[in-house]
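To start, the structure itself, in structure tokens.
Only the coordinates and a few stated rules stand behind these numbers; no lab work does. Note that the structure is a prediction, hence the values are computed from the model and not measured. Please note: Cβ atoms are built from the backbone with ideal geometry, for glycine as well, and neighbour counts cover all protein chains shown.
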Amino acid sequence: MNLSNLKPAKGSIKRNVKRLGRGEGSARGGTSTRGHKGAQSRSGYHSKSGFEGGQMPLQRRIPKFGFKNINRIEYTGINLDTIQVLAGKFDITDFNHETFIEKGLVSKKDLVKILGRGKLNAKVTIQAHAFSASAKSAIEAAGGTVEIIAK
């Protein structure tokens, strides 16, 4: 290796960089590729997102549909198979909101709903904000108890 073989690292050199407003000899002096007059040629120009030159913008052309129910209660679902894994792995028999937070299944402000996917063999006591009908029957069939926490 000698000095004649040295090359810069790949991607470290950019070519064809536009140097605007550096005189007529640069081919990008004068109007600096902005055209003549008008808002877009001025400094500080900023168009609104979605502006289409006065044409009715897409977000206004497309009709609105649906609604957001402001009274909706969002639950974080935990399935029976997850509870079975925790009961087997950590030997837990009493599940409450703090247990679910400790194991990283929910955050502090989340409402918990127990859902019925999977099988539950362990006899457990579960405290949650809501239960699906299938989950409730599966827990009671396994000999466990269900307690509903006030929201």
Summing -39500 (n - 2.57) over the DSSP H runs of n ≥ 4 in the chain and dividing by its residue number, what mean residue ellipticity at 222 nm do you reach, to the nearest 500 deg cm²/dmol?
-> -5000 deg cm²/dmol
Classify the chain: rounded, prolate or oblate, from the alpha-carbon gyration tensor (a ≥ b ≥ c, eigenvalue square roots; a/c under 1.5 rounded; otherwise prolate if a/b is larger than b/c)?
-> oblate
Among chymotrypsin sites (Phe, Trp or Tyr not before Pro) in the range 53-127, those in a DSSP loop whose Cβ has at most 15 other Cβ atoms within 10 Å are 65, 67
For the chain, modelled as a GNM with alpha-carbon contacts under 10 angstrom, which of 42, 15, 34 fluctuates the most?
-> 15
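Going by the alpha-carbon gyration tensor, a ≥ b ≥ c the square roots of its eigenvalues, is the range 75-148 rounded (a/c under 1.5) or, if a/c is not under 1.5, prolate (a/b greater than b/c) versus oblate?
Oblate shape, in that a/c is at least 1.5 and b/c is the bigger or equal ratio.
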With a/c under 1.5 counting as rounded, go ahead and sort the range 18-66 into rounded, prolate or oblate using the C-alpha gyration tensor (a ≥ b ≥ c being the square roots of the eigenvalues; past the cut-off, prolate if a/b is larger than b/c, else oblate).
-> prolate
Amide H neighbours of residue 106 under 5 Å, at least 5 residues apart or on other chains, H built in the peptide plane: list them.
-> 101
Express as a percent, rounded to the nearest 5, the fraction of DSSP beta bridges in the chain (both residues included) that run antiparallel.
-> 5 percent
Lys and Arg at +1, Asp and Glu at -1: neighbours of residue 79 with Cβ under 12 Å from its Cβ sum to +2
If 58, 120 are placed from fewest to most neighbouring beta carbons inside 10 Å, the sequence is 58, 120
